[in-house]
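Here's the structure we're looking at; comments come further down.
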Amino acid sequence: MEFTNLFYNFFLKSNIDKDIIFQRELIIAATEYKKSLLDSTYILNKKYFWLKSKLEKNIKNKFRGLLVEKDILGFIEEILDVNNSSAKLQWSKSPRKSCIEKIQVEFWKQYLGIDLKIGKKNGITAVGENSYRFSLDGEFLKGVKKDKNKNTKSIDAIFLDNFYCILKVTTDDGGSTNSVEEEIITLIKSVTKFLEKNPDDLKKFVFVLDGPYWMRKDNLDKSKTRFNVLYENSQDKLIICTSDTVIDELKKRNFI
């Protein structure tokens, strides 16, 4: 199977754009936080507490290592220094650490013309009464709390009413990233069991595995990529694809 980099290029460009947005938000937060530090009567808006928490936590635990000891005001002055770009990048929120699957949602809408329904307003969430997941023996569950000993990660999105979508953008190896692959393997096994038990069920499940991680060699079978190993589990109602290949996979099964 050949792959293109259309989505991943979109992903990288989105991260660059969001980095700029988040750095501007950081400057505003730092400006407001500084006011509250210098004026005890000035009440810091709760929407800027994330920066307060981040700075306090770093000073307390020395997360990044502190060659030169600074107090919070010292860090804020670095952030607000117009010539200090590294402090802005270091302390701003990172688009690479949370909700990166939303970039897939943007890409699908813009390039594929498919509206991925995601989030509370669309009736599908990661937790709570609108969450969907599987028991390890293949039962489709709604509104059940995650328990790694009993069930799987939740479904991320829905499209075309009965297509249930698992979204992953994975870049680097190591650490918690490798657990993502284990999570996906467990979910594929549970979905397979569900389909074996319910051959007439109209639900389809689409695993969208984007990012360089999936295109690297599998740890056990070095002749194949991680993606190609997982792709061997594909069937009509269990589709393993990337954002670049999903349309071809749907067409191949006459779903669109």
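The values are calculated or read from the model by the stated rules, or taken from the named source; none is laboratory data. Computed from a prediction, not measured in an experiment: that's the story for all the values here. Heads up, the Cβs are rebuilt from the backbone with ideal geometry, glycines too, and the neighbour counts pull from every protein chain shown. Note: areas computed on protein heavy atoms with side chains; ligands, DNA, RNA excluded. Shrake-Rupley method; radii C 1.70, N 1.55, O 1.52, S 1.80 Å.
General remarks:
- Any chance Val105 is at pLDDT below 95, β-branched (Val, Ile, Thr) and within 26 Å of Ile188 (Cβ to Cβ): yes
- The residue that is most open to solvent (accessible area, probe 1.4 Å), among those in segment 16-75 that are without any contact (Cβ under 8 Å) to a residue 40 or more places away in the chain, of a type in the set (Gly, Ala, Ser) and assigned to a helix (DSSP H, G or I), is Ser53.
- Val191 vs. criteria at pLDDT below 95 and either hydrophobic (A, V, I, L, M, F, W, C) or touching a Gly at 6+ places or on another chain (Cβ under 7 Å) (or both): no
- Screening Gln104, Gln90 for residues that are surrounded by fewer than 18 Cβ atoms within 10 Å (Cβ to Cβ) and farther than 26 Å from Asn219 by Cα leaves exactly one candidate, Gln90.
- Every residue from segment 93-141 that is in contact (Cβ under 8 Å) with a residue 60 or more places away in the chain and among the small types (Gly, Ala, Ser): Ser94
- Listed conditions (1) closer than 24 Å to Arg216 by Cβ; (2) polar (S, T, N, Q); (3) assigned to a loop (DSSP other than H, G, I, E, B) are all met by Asn149, apart from (1).
- Thr186 being within 26 Å of Glu139 (Cα to Cα) and of a type in the set (Ser, Thr, Tyr): yes
- Counted residues, segment 191-241 - those being of a type in the set (Asp, Glu) and either surrounded by 20 or more Cβ atoms within 10 Å (Cβ to Cβ) or in contact with a Ser or Thr (Cβ under 8 Å, 6 or more places away or on another chain) (or both): 2
- Top-ranked residue in segment 113-139 [being farther than 22 Å from Val246 by Cα and in contact with a Leu (Cβ under 7 Å, 6 or more places away or on another chain); ranked as surrounded by the fewest Cβ atoms within 10 Å (Cβ to Cβ)]: Ser135
- Among the residues of segment 202-228, those identified as of a type in the set (D, E, K, R) and in contact (Cβ under 8 Å) with a residue 24 or more places away in the chain are Lys203, Lys204, Asp210, Arg216, Arg226.
- Qualifying residue in segment 173-190 (condition: assigned to a loop (DSSP other than H, G, I, E, B), out of contact with any helix residue (DSSP H, G or I) (no Cβ under 6 Å at 6 or more places or on another chain), surrounded by fewer than 17 Cβ atoms within 10 Å (Cβ to Cβ) and not small (Gly, Ala, Ser)): yes
- Ser243 vs. criteria in contact (Cβ under 8 Å) with a residue 60 or more places away in the chain, of a type in the set (Gly, Ala, Ser) and under 22 Å from Thr125 (Cα atoms): yes
- The residue that is surrounded by the most Cβ atoms within 10 Å (Cβ to Cβ), among those in segment 242-256 that are of a type outside the set (Val, Ile, Thr) and under 18 Å from Gly211 (Cβ atoms), is Ser243.
- Every residue from segment 220-239 that is in contact with an Asp or Glu (Cβ under 8 Å, 6 or more places away or on another chain) and in a strand (DSSP E or B): Thr225, Ile239
- Scanning segment 146-155 turns up at least one residue that is within 15 Å of Val208 (Cβ to Cβ) and in contact with a helix residue (DSSP H, G or I) (Cβ under 8 Å, 6 or more places away or on another chain).
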